[in-house]
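Report on the structure given below.
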Amino acid sequence: MTESWHGVRLGVDVGQVRVGVARSDPHGVLATPLVTLARDLTAAPDAVPSDMAEVAALIAEHECVEVVVGLPVNLAGQLGPAARNVKAYADRLADVIAPVPVTLTDERMSTVVASRRLAERGVRGKRQRAVVDQAAAVEILQSWLEAQRRRTR
C-alpha cells in the first residue's frame, strides 16, 4: 500500500435520529465501533449541529485523514429521499471539517447486515437499537477499506 493510504478513517452511518460512528486502525485493516451520536435537527441554519461538532472533535482526537459516509442508494442504484438527506448531511459535514475529505460510499444493506450480525450474537431489542448505528458504521467502513485494499493490490 502507498503511504497516502496510511491514517485513521471514520465511518459514518447517518440516520434520521442517530449517527453511528466507527474508526479504522491507522493501517486501514479493521473498523471498530466508536460512538452513536444523537442527530441535532434543531441547529440554526448558520450554526454547526452538535452531532457534526462531535464528529469534528473525533476527527481531531483520532487524527483522522478521511471520513467515509454511507450513502443509502436503493436496490436499483438510484438516489431516493434517504440518500439525498445523507448527501446533504455529508456536504454540510465536509464544510464543517474541511480540509479533511468526506467520501460517499454505497452502503446498501449495511443496517440490515449489522442488525443480522448483532441478532446472531444475541443482541436484540433495545440493546440492539443502541448499537446498530455503530455496527452499521463498522459495516460501511470495513467494506470501503476492503474495496480500497483490492484496488491497490
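Under the condition of being part of a loop (DSSP other than H, G, I, E, B), open to solvent by 30 Å² or more (accessible area, probe 1.4 Å), closer than 21 Å to Gln142 by Cα and among the hydrophobic types (A, V, I, L, M, F, W, C), the residues counted in segment 54-79 number 1. If I go through segment 27-48 residue by residue, how many of them are touching a Pro at 6+ places or on another chain (Cβ under 8 Å), surrounded by 11 or more Cβ atoms within 10 Å (Cβ to Cβ) and not charged (D, E, K, R)? The qualifying residues number 1.
Out of the residues in segment 118-144 meeting the condition of being of a type in the set (Gly, Ala, Ser) and surrounded by fewer than 16 Cβ atoms within 10 Å (Cβ to Cβ), tell me which one is modelled with the highest pLDDT.
Start the filter on segment 118-144 by keeping residues that are of a type in the set (Gly, Ala, Ser), which leaves 119, 122, 125, 130, 135-137, 143.
Add one more test, that the residue is surrounded by fewer than 16 Cβ atoms within 10 Å (Cβ to Cβ), and what stays is 119, 122, 125, 130.
Working: Ala119: 74, Gly122: 77, Gly125: 70, Ala130: 63.
If we take residues in segment 118-144 being of a type in the set (Gly, Ala, Ser) and surrounded by fewer than 16 Cβ atoms within 10 Å (Cβ to Cβ), then Gly122 is modelled with the highest pLDDT.
Of the residues Gly28, Gly15, which single one is in contact (Cβ under 8 Å) with a residue 12 or more places away in the chain and farther than 25 Å from Ser115 by Cβ? Working first, answer last.
Working: Gly15 fails: farther than 25 Å from Ser115 by Cβ.
Being in contact (Cβ under 8 Å) with a residue 12 or more places away in the chain and farther than 25 Å from Ser115 by Cβ holds for just one of Gly28, Gly15, which is Gly28.
Pairing each residue of segment 65-76 that is touching a residue at least 12 places away in the same chain (Cβ under 8 Å) with any residue that is among the aromatic types (Phe, Trp, Tyr), provided the two are 6+ apart or on different chains, yields C-beta distances under 7 Å for Val68/Trp144.
Does Val21 meet the test of being at pLDDT 95 or above, part of a strand (DSSP E or B), open to solvent by less than 40 Å² (accessible area, probe 1.4 Å) and under 24 Å from Ser143 (Cβ atoms)? Judged against the criteria, Val21 is a match.
Looking at Asp95, Asp91, Asp51, which one is surrounded by fewer than 15 Cβ atoms within 10 Å (Cβ to Cβ), assigned to a helix (DSSP H, G or I), under 14 Å from the mean Cα position of the chain (by Cα) and not small (Gly, Ala, Ser)? Working first, answer last.
On the way: Asp95 fails: under 14 Å from the mean Cα position of the chain (by Cα); Asp51 fails: surrounded by fewer than 15 Cβ atoms within 10 Å (Cβ to Cβ).
Unique residue meeting the criteria: Asp91.
The values are calculated or read from the model by the stated rules, or taken from the named source; none is laboratory data. This structure is a prediction, so every number in the text was calculated from the model and none was measured. Methodologically, a virtual Cβ is constructed for each residue, glycine included, from the backbone with ideal geometry; neighbour enumeration extends over all protein chains shown. These accessible areas exclude ligands, DNA and RNA; they are computed on the full protein's heavy atoms, side chains included. Shrake-Rupley method; radii C 1.70, N 1.55, O 1.52, S 1.80 Å.
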